[in-house]
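Chemist: Before anything else, here's the structure in question.
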Amino acid sequence: MKALFLDCCDILQNKNGLSRLQLVSDYVGIRARHLIGVGGPDFPVLGFSLVVPSRAMALHLYREIILSQVYAFSCASLNPLIIDCGSNVGMSVLFFKRLFPKAHIIAVEPDPETFGVLQRNISQNGLADVVLHNKAIADRDGTTSFYMNPGNPGDLGMSTIGQGHLPKELVVPAVRLSKLIGKERVDFLKLDIEGSETGVVDELAESGTLLFVDQMVIEYHHHIAGRREALSHILAVLVQNGFGYQLRGPDANFRERESFQVVWIYAYSKGA
């Protein structure tokens, strides 16, 4: 009941011009299918149709991306450039396209199976100005190891970091984010790359490309696979490059030492 109450609060607090009636309709449909355990892989999302491999995943993504609107942003441009790193099956792409129908989006997803679902979702919804890359975002070009669950596209724990629950290792193409950005002005950057964010932010700063980004949300994975704390380092890099920031974290695991947490960093260029 607590989750239902919080979901309803998120709907009522929507401030981004999305129809509350649409949000309620989508949410009730997705939640009902999750509880009852029936229905195919196509889910209604903001007037689009989204293929999601499982009902549990559909509900999780809808809550995180659509209801909480953690990736919502505002800008003066009607056709902003958005770079979506870690697009998964495309829920975030649909969200951005509903906020900014004329947006130019670069969407990056490393897992081949998940990328196939992402391609289908972009195609079946007739979305224009969306460029897809089946690559991992890294601090260097070439290839990198990628760990996943075979036959489970969209698994939210897939990562370039080896973990016990990810039994299969692939070698996938890797690209520097600075190479994708080049000299383009980026209105919004979404960075959800499951533990690789520290090295990528460092490379952006070292290459000078971070200065081309106006706003971003970084999903920081605290203590992923037992890795050392890096939040203070990322924040210091942002401040050194002229960014302000706000933080959003989970309620869970607050007092559990060295436990895994996700912290969202909203960073904005003070010069933009």
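Each value in this text was obtained by applying a stated rule to the coordinates, not by laboratory testing. All figures in this text were calculated on a predicted structure; none of them were measured in a lab. Cβ: placed from backbone, ideal geometry, glycine included. Neighbour counts: every protein chain shown.
Chemist: Using +1 on the beta carbon of Lys and Arg, -1 on that of Asp and Glu, and nothing else charged, what's the dipole of the chain about the Cα centre, debye to 20?
Modeler: 580 debye
Chemist: Once you've got the GNM for the chain with C-alpha springs shorter than 10 Å, pick whichever of N88, N16, N241 has the biggest mean-square fluctuation.
Modeler: Answer for the Gaussian network model of the chain: N16.
Chemist: GNM on the chain, C-alpha springs below 10 Å: top fluctuator among I36, I137, I218?
Modeler: The residue that fluctuates most here is I36.
Chemist: Would you mind computing the Rg to Rh ratio of region 73-269 from its alpha-carbon coordinates, Kirkwood style for Rh?
Modeler: 0.95
Chemist: Which longest uninterrupted range of the chain lacks any trypsin sites (Lys or Arg not before Pro) assigned by DSSP to a loop state (not H, G, I, E or B) and surrounded by at most 10 other Cβ atoms within 10 Å? Walk me through the intermediate numbers first.
Modeler: On the way: sites that count: K15, K183, R228, R255, R257, K270.
Maximal segment without exposed cleavage sites: 16-182.
Chemist: Now for a separate question. Rank these for me by crowding, E109, E184, E203, going from fewest to most other beta carbons within 10 Å. Before the final figure, lay out the partial values.
Modeler: On the way: E109 29, E184 14, E203 19.
By the 10 Å Cβ count, ascending, the order reads E184, E203, E109.
Chemist: Under 24 Å between alpha carbons: how many lysine pairs meet that in the chain, if sequence neighbours fewer than 8 apart on the same chain are excluded?
Modeler: Within the chain, the lysine pair count is 20.
Chemist: Here is a further query. Which residues does a label at S77 reach in region 114-137, if reach means a backbone N under 17 Å from a point 7 Å past the Cα toward the Cβ?
Modeler: 128-132
Chemist: At L21 and R33, where each label point lies 7 Å from the Cα along Cα→Cβ, what is the point-to-point distance in nanometres?
Modeler: 2.2 nm
Chemist: Calculate, for N14 and E169, the FRET efficiency according to 1/(1 + (r/R0)^6) with r their C-beta to C-beta distance and R0 51 Å; round to the nearest 0.05.
Modeler: It comes out at approximately 0.80.
Chemist: Cα centroids of region 232-270 and region 99-168: how far apart, whole angstrom?
Modeler: Rounded to whole Å, the Cα centres lie 24 Å apart.
Chemist: Using just the helices of the chain, give the 222 nm mean residue ellipticity in deg cm²/dmol: DSSP H runs with n ≥ 4 each add -39,500 (n - 2.57), and the total is spread over all residues, rounded to 500.
Modeler: Value at 222 nm, helices only: -9000 deg cm²/dmol.
Chemist: State whether region 32-142 is rounded, prolate or oblate according to the following rule on the C-alpha gyration tensor (a ≥ b ≥ c being the square roots of its eigenvalues): a/c under 1.5 gives rounded; otherwise a/b larger than b/c gives prolate, and the remaining case gives oblate.
Modeler: oblate
Chemist: Among G195, H223, L210, whose Cα lies farthest out toward the positive end of the dipole of region 189-228, if unit charges sit on the beta carbon of Lys, Arg (+1) and Asp, Glu (-1)?
Modeler: The residue sitting farthest along the positive end of the dipole is H223.
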